[in-house]
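These notes are about the structure you will find just below.
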Amino acid sequence: MTTWPRESQQTAAHVTAAGAEWLASASPFPRSVRALWAERPATSIVLPCGVTFDLISAPALFGRRMVNRLWADGPGTGPVGTQRGRVLMFAQPGTAQRLPALLRWEEWGTGAPPLLCHGPGDAVTIPPLRPVEQSEPDGPPAARWLVAPEVREPWLPGPDVLLWACVRAARGNPGTAGRTSLTSAPAVSPR
């Protein structure tokens, strides 16, 4: 039975101590990560994927649509960050391998914007624990958390939840109105 947590804050500006513990647990050297963050909480760090979390990276606009769908009509999200024009959605381990196959099976893989799925063997740069001051007000936004980790074991969406959000976000695109698929082929419903 899946439980859907709704208690996460959608606008967390920084990571709590418990959330930092969870993030540090992904590192092979969690004590070193905690020591670095104790001195410099505005430092971004690279963490491995595949054990504690997988990470799904979507183009900014499409990723925001997915996040909005998850909060408006779905179960909410796990931690979500932004960096370099992409939305970073933390997901259950195994999601990076399964989600692309589900998108292909549902015939959404060729028309949806490119989702980068990071799993075992990959490492990603995560936003800093605390927001970084923007040096140039008109420049690209700094890496930041949209939904910061706030508990030691946050709920993470799996491939089925992210597929649901991806399909609904794609259906909400103005260019896809009136179609049931992003491709020109008719939608196929397996039985």
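Among the trypsin sites (Lys or Arg not before Pro) found in region 15-96, those both in a DSSP coil and sparsely packed, with 16 or fewer other Cβ atoms within 10 Å of their Cβ, are R84. As a fraction of the 1.4 Å probe accessible area of region 31-125, surface on carbon and sulfur atoms comes out at 52 percent. Label-to-label distance, A123 versus T43, with points set 7 angstrom from Cα along the beta-carbon direction: 1.4 nm.
The values are calculated or read from the model by the stated rules, or taken from the named source; none is laboratory data. Because the structure is predicted, anything quoted here is derived from the model rather than measured. Here the Cβ is made from the backbone with ideal geometry for all residues, glycine too, and neighbour counts use every protein chain on show. In case anyone asks, the SASA skips ligands and DNA or RNA and just uses the protein heavy atoms, side chains included. Shrake-Rupley method; radii C 1.70, N 1.55, O 1.52, S 1.80 Å.
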